[in-house]
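Enquirer: One structure, as structure tokens, below. Some questions next.
Each reported figure results from applying straightforward, stated rules to the coordinates on display, with no laboratory input. The model shown is predicted, which means the values in this text are computed figures rather than measured ones. No Cβ is skipped: glycine too gets one built from the backbone with ideal geometry, and neighbour counts run over all protein chains shown.
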Amino acid sequence: MAISKFIKNKKNLAYIILFSVIIIGCLWAFISASMLTKSFKNKIIDQTYNNKEANIENLLVTETKEGEKLWEMYADTGHYSDIDNVVFLENIIGNFYEGKNVKASFKADRGTYHSIKKEIILYDNVLLVYDDGTNIQTDRIKYAGKNEDIVAQGNVRIEKPNEAIVYGGKAVLKGDFSDFHIEGRTKTKFYM
């Protein structure tokens with residue numbers, strides 16, 4: 001009976017309605033917030049597991065095909081991120097192979113290796129030396145695979161021992177290291 005008297009009072013009825021509205025509003029806000037944060041948490045968890053990174057010291061990367069070593073390179077340090085599938089390398093040395101023999105050796109201060117494209121880009125003080133002694137100094141070299149041309153760009157200097165030194169802005173080298181050509185303005189010095 002006390003409750004029916006309490007509800008009959010208009011002021012008390014207004015308090016009950018107001019209190020009910022507040023409770024319903026709080027429940028709605030709580031449910032909405034949990035739905036939003038659940039979606040947000042899932043995105044964070046997905047990004048955490050998908051964005052893997054690693055810092056590596058004394059890194060050796062090798063590519064083989066049908067048991068034959070195509071190339072190998074060693075770097076003092078490397079940083080890998082699976083966002084772009086690229087390893088950023090520093091203080092690099094390496095070799096390109098033909099069969100079991102080293103066909104050319106290289107070194108560079110910095111470079112990248114794209115793990116999906118199998119592409120090597122060397123830059124900063126790049127030196128590539130063929131097994132016959134021909135050497136190429138350049139700002140940047142891009143190697144995209146055994147059957148693809150190697151592109152040297154920026155301050156290219158090619159020396160063929162006891163024959164000539166060629167300077168140019170860009171050189172395209174055959175993927176099998178058999179030949180090369182210079183593009184754009186060049187300067188050549190011949191040995192006499």
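Enquirer: Here are labelled values, (i) 1, 7, 16, 21, 22, 17, 10, 4, 1, 0; (ii) 1, 7, 12, 13, 12, 9, 6, 5, 4, 3, 3, 3, 3, 3, 3, 3, 3, 3, 2, 2, 1, 1, 0, 0, 0; (iii) 1, 8, 16, 20, 21, 14, 7, 4, 3, 2, 2, 1, 1, 0, 0, and one is the computed P(r) over Cα pairs in 5 Å bins from 0, in percent for what I pasted. Which one?
Expert: (ii)
Enquirer: Quick one: which of Lys118/Lys189; Lys52/Lys100; Lys69/Lys189; Lys103/Lys170; Lys117/Lys160; Lys107/Lys189 span more than 29 angstrom between C-alpha atoms?
Expert: Lys118/Lys189; Lys52/Lys100; Lys69/Lys189; Lys117/Lys160
Enquirer: By average Cβ neighbour count within 10 Å, what is the ranking of 178-186, 123-131 from highest down?
Expert: Top of the packing list down: 123-131, 178-186.
Enquirer: To test your reading of the geometry: what angle, between 0 and 90 degrees and rounded to tens, separates the Cα axis of helix 10-50 from the longest principal axis of the chain?
Expert: Long axis of 10-50 versus the principal axis of the chain: about 10 degrees.
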